[in-house]
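Chemist: Following this message is one structure expressed as C-alpha cells.
The values are calculated or read from the model by the stated rules, or taken from the named source; none is laboratory data. Everything quoted here is computed from the prediction, not taken from an experiment. Cβ atoms come from the backbone with ideal geometry, glycine included; neighbour counts cover every protein chain shown.
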Amino acid sequence: MKERYFSTFQLILMALFAALIVVAKITLRLPIQMSGHSGVFWMAIIIVAAGVVPKPGAASVVGLTSGVIAAFLGMGNFGAINTLLSYTMVGVGADLALLLLRKPENLVVAALAGTFGHMSKFLVKWALGVLAGAPVGLVALGLAWTLVGYIIFGALGGLLGGLTLAALRRAGFFAYLAEKR
Amino acid sequence: MSQRVRVLVAIVILVALMGAVLGIEALRRLMNPAPPLAEVTLSPGDIPIYRDEQLVAGFSSADLDQLATVSFVDAEKGKLQQGWLLPDVLLLHMEADVLMPDCSIVVSSSSEGTSAKLTWVEVNNEANMVMLALTNRGTLKLVSLLEVLDMRDEWVVDADKIEIFSP
C-alpha cells in the first residue's frame, strides 16, 4: 500500500496547531497599537508546527486549515475569501522560506521564515486591496509603517517559535514523537 | 549552497518584495493624479470634499498636523481606534455657519461600494466620536460610537469622498 505523505498522527497535530492559531487570534490581545502585532503568536505557532511535522507543506496545511476555520467563524474584516487567503498564505510563505532555509530550530532561519510567512499575509491583504481598487493612502508612509510592523512582529514570532522548538527538543518531546510515529 | 548563502538569498528576496510593494504603491500614487478642479487642487490620496455637488476642498495629509488625534476602544473587538474627528476635518475647510444642523454628511468608499449618511448634529456631537481612522493601508475609515457605525461591517473602509448636502 502506498504510504501517505502525512501520517494520521501528523494530520491530527497540524489540525490542533490550526485550531490553536484561531483560538489565539480570538483570545490573545496584546496592548500594542501597531499593525501586525498578532504575528508574534501567529508565526510562533506556524514555526513550531513546521518543526514538529518536519515535512514540506506542513505549514501550508496548518495555514489552510486555520483559514477554513477562521472563514467559517466569520473572522476578518474583509470577507471570507480575504480571511482564507491571508491565513493560508501565512503557512505557504513560511513553507517556501523553509524550503530554502531548512532547519526551523536555527533561530535566524526561524526569524526569517516567520518574517516571510507574515509578510505573505500582508502581501495578500495589500494585493486584494489594490485589485479591489482601494484608494491610494492619505498618509504616504502609512503602508510602509504597516509593512515594517509585519516584518518585525513576524520575525519576533519566528524567533519565539524557534526558541520553543529548541525547548521542546531539550525536554525530549521529539524523542517522544518518534515513538508515537 | 551554504546556510550563510541561503540566508543572504532570503534577505535579498525579502528586500526585493518590500521594494516591489512600496514601488508599486508609489507608481499608483503617480499614475492617479487627481485633475485640478476649479480652484481646488487635489493630490493623489487626498479625499475630496463636496458641498452640494461642488468640489470645495481636499482633505490631505498636510491637514493632519493641524488636527488633534482622538481615540476610542471599539465595542466589537476591544481594539483602539485612533484618528481625527470628522467635524474637525470639515471645519478646517469651511466656516461653521455653512454646516447647518440638518445638513447631511455622506462619507463613501468607491472601492468598497459603501457609504454612511449622517446629519451634522450627529457628526458634531463629540460623544458620538465620528472620526476618520487610519487603516493598515494608510487609507481612512469612517468609524464611530453611533449605533449605525459601531460595527465593522458598518464602517466605511477606504473612504475616498465626503459630501455635504444642504437641507
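Chemist: Restricted to the stretch B:108-149, and to residues that are of a type in the set (Asp, Glu) and modelled with pLDDT of 85 or more, which residue is nearest to residue A:132 (Cα to Cα)?
Modeler: B:147
Chemist: Hey, another quick one. Working only within the stretch B:116-161, note down all residues that are over 22 Å from residue B:77 (Cα atoms) and of a type in the set (Ser, Thr, Tyr).
Modeler: Once the filter is applied, which keeps residues that are over 22 Å from residue B:77 (Cα atoms) and of a type in the set (Ser, Thr, Tyr), the stretch B:116-161 yields only B:119.
Chemist: Same structure, new question: Would you mind finding the one in A:156, A:147 that is surrounded by 16 or more Cβ atoms within 10 Å (Cβ to Cβ), over 24 Å from residue A:7 (Cα atoms), within 12 Å of chain B (Cβ to nearest Cβ) and in contact with a helix residue (DSSP H, G or I) (Cβ under 9 Å, 6 or more places away or on another chain)?
Modeler: Checking each option against the conditions leaves just A:147.
Chemist: With respect to residue A:133, is the statement that it is facing chain B (nearest Cβ under 8 Å) and out of contact with any strand residue (DSSP E or B) (no Cβ under 9 Å at 6 or more places or on another chain) true?
Modeler: yes
Chemist: While we're on this one: Can you tell which of B:154, B:95, B:147, B:122 is charged (D, E, K, R), away from chain A (no Cβ under 11 Å) and touching a Leu at 6+ places or on another chain (Cβ under 7 Å)?
Modeler: B:122
Chemist: Restrict the check to the stretch A:46-60 and report whether at least one residue is closer than 25 Å to residue A:131 by Cα and surrounded by 24 or more Cβ atoms within 10 Å (Cβ to Cβ).
Modeler: The initial filter retains those residues of the stretch A:46-60 that are closer than 25 Å to residue A:131 by Cα, namely A:60.
In the following step, the residues that additionally are surrounded by 24 or more Cβ atoms within 10 Å (Cβ to Cβ) were identified as none.
No: zero hits.
Chemist: Since residue A:141 meets every condition but one in (1) modelled with pLDDT under 85; (2) more than 10 Å from every other protein chain (Cβ to nearest Cβ), which condition does it not meet?
Modeler: Every condition holds for residue A:141 apart from (2).
Chemist: Being among the hydroxyl-bearing types (Ser, Thr, Tyr), assigned to a helix (DSSP H, G or I) and surrounded by fewer than 23 Cβ atoms within 10 Å (Cβ to Cβ) is the requirement here; does residue A:164 meet it?
Modeler: yes
Chemist: When you look at residue B:158, is it of a type outside the set (Ser, Thr, Tyr), within 21 Å of residue B:72 (Cβ to Cβ), under 11 Å from the mean Cα position of the chain (by Cα) and surrounded by 15 or more Cβ atoms within 10 Å (Cβ to Cβ), yes or no?
Modeler: yes
Chemist: With the requirement that a residue be crowded, with 24+ Cβ neighbours inside 10 Å and over 17 Å from residue A:7 (Cβ atoms), what does the stretch A:61-81 give you?
Modeler: A:63, A:66, A:67
Chemist: When you scan the stretch A:69-91, do you find a residue that is β-branched (Val, Ile, Thr), over 16 Å from residue A:125 (Cβ atoms) and without any contact (Cβ under 8 Å) to a residue 60 or more places away in the chain, even just one?
Modeler: Within the stretch A:69-91, one or more residues are β-branched (Val, Ile, Thr), over 16 Å from residue A:125 (Cβ atoms) and without any contact (Cβ under 8 Å) to a residue 60 or more places away in the chain.
Chemist: For residues that are in contact with a strand residue (DSSP E or B) (Cβ under 9 Å, 6 or more places away or on another chain) and surrounded by 12 or more Cβ atoms within 10 Å (Cβ to Cβ), scanning just the stretch B:68-78, find the one that is nearest to residue B:147 (Cα to Cα).
Modeler: Applying the filter and picking the extreme gives B:74.
Chemist: Restricted to the stretch A:23-40, and to residues that are buried (at least 21 other Cβ atoms within 10 Å of the Cβ) and within 14 Å of the chain's Cα centre (by Cα), which residue is farthest from residue A:171 (Cα to Cα)?
Modeler: Looking at residues that are buried (at least 21 other Cβ atoms within 10 Å of the Cβ) and within 14 Å of the chain's Cα centre (by Cα), I get A:36.
Chemist: A further question on this structure: Look through the stretch B:48-62, keep the residues that are among the hydrophobic types (A, V, I, L, M, F, W, C) and in a strand (DSSP E or B), and return whichever of them is surrounded by the fewest Cβ atoms within 10 Å (Cβ to Cβ).
Modeler: Out of the qualifying residues, it is B:55.
Chemist: Which condition number in (1) exposed (fewer than 12 other Cβ atoms within 10 Å of the Cβ); (2) touching a strand residue (DSSP E or B) at 6+ places or on another chain (Cβ under 6 Å) is the one that residue B:65 fails?
Modeler: (2)
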